[in-house]
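None of the figures in this text is laboratory data; all of them are computed from the coordinates on show. The model shown is predicted, which means the values in this text are computed figures rather than measured ones. Counting neighbours? That spans all protein chains shown, and the Cβs are built from the backbone with ideal geometry, glycine included.
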Amino acid sequence: MSCIRLMVFLCCLTFTASRGDCEEYQSAFEGHFKEYGESVDRILDLVGKFMPRKPTIFEAGGHWGTDTTILAKKWPKGTLITFEPNPHAFEILSGATQGLTNVRKYNLAVNNYNGTAVLYVCHGSNGDNPDFEGASSLLESSDWMRGNYQGPKVEVPCVVLDDWCRKNKIPNIDFMWLDLEGLELQVLKSSPKILKTVKVIYTETNFREFRKGMTSYENLKKFLEKSGFKLLSHWYWVNFQGNAIFVKKELYPLAFAK
């Protein structure tokens, strides 16, 4: 979910149900190019500094296809692989991306094992509103958020990205767009081969345990730094959530090239 839509979404989901006022959390930024956080298009302009003309892009969590469509149109000569495990969301995504020939869509979850997993579908605090499906996750709700993450449980197929890429003859991924609702470390650690080929990662960040075992920003940053990445930009709400761009260290100077 893009940074701006994320903040609006989380405000509606988390605070109207149980927390009060969104302004309790202050917006903040670290890194460079703060102004690029104004829209998905601007964020992709920044990512484009590191992309080849025909990139291979992997989107984990395509949801209803809003960002999928923007990504596909940004790089029409590239290949966009998008996973969306929620059958209902996948149906909407399929319709939204119909006619985009560079989009390869799969009703799959990316995980740290191959097989099936339980998807905890979020339908809001009353459990009846599909507008909140963007917060669905393979991770169970933490106790303090349980009242907000109401909805059905769906068994979905899941794959390890390294294994899936090998089987489908995908030798590299240039750009990862991750909307994994806290499963980032599990996914990235389980696929070291494809991670070595990645140039840029755009990912959601978390400062609180909204779901059991979810990745904290601090641990995600440490792991990516050890894996050869460097933080470029991070838009976030203090002690809450945000979105960040990580770039391979050897490519980092391209961000400032004229």
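Some points to look at:
- Under the Karplus curve 6.51 cos²θ - 1.76 cosθ + 1.60, θ = phi - 60°, whole-Hz ³J(HN,Hα) for the stretch 190-199, x wherever Gly or Pro sits: 7, 10, x, 5, 6, 4, 5, 8, 7, 8
- Across 196/222; 153/221; 189/258; 222/249; 193/258, pairs whose alpha-carbon gap is larger than 25 Å: 153/221; 189/258; 193/258
- Loop-located trypsin sites (Lys or Arg not before Pro) in the stretch 62-98 whose Cβ has at most 14 other Cβ within 10 Å (DSSP): 77
- In percent, rounded to a whole number, the relative contact order of the chain is 21, using alpha-carbon pairs under 8 Å and six or more apart.
- The overall shape of the stretch 217-258, judged from the alpha-carbon gyration tensor, is oblate: a/c is not under 1.5, and a/b is no greater than b/c.
- Cα gyration tensor shape for the stretch 98-243, rounded if a/c is under 1.5, else prolate or oblate: oblate
- Listed residues 164, 178, 142: farthest to the positive end of the dipole of the stretch 139-182 (Cβ charges): 164
- Rounded to the nearest 20, the Cβ-based charge dipole of the chain about its Cα centre (Lys and Arg +1, Asp and Glu -1) stands at 1380 debye.
- Loop-located chymotrypsin sites (Phe, Trp or Tyr not before Pro) in the stretch 68-142 whose Cβ has at most 14 other Cβ within 10 Å (DSSP): 113
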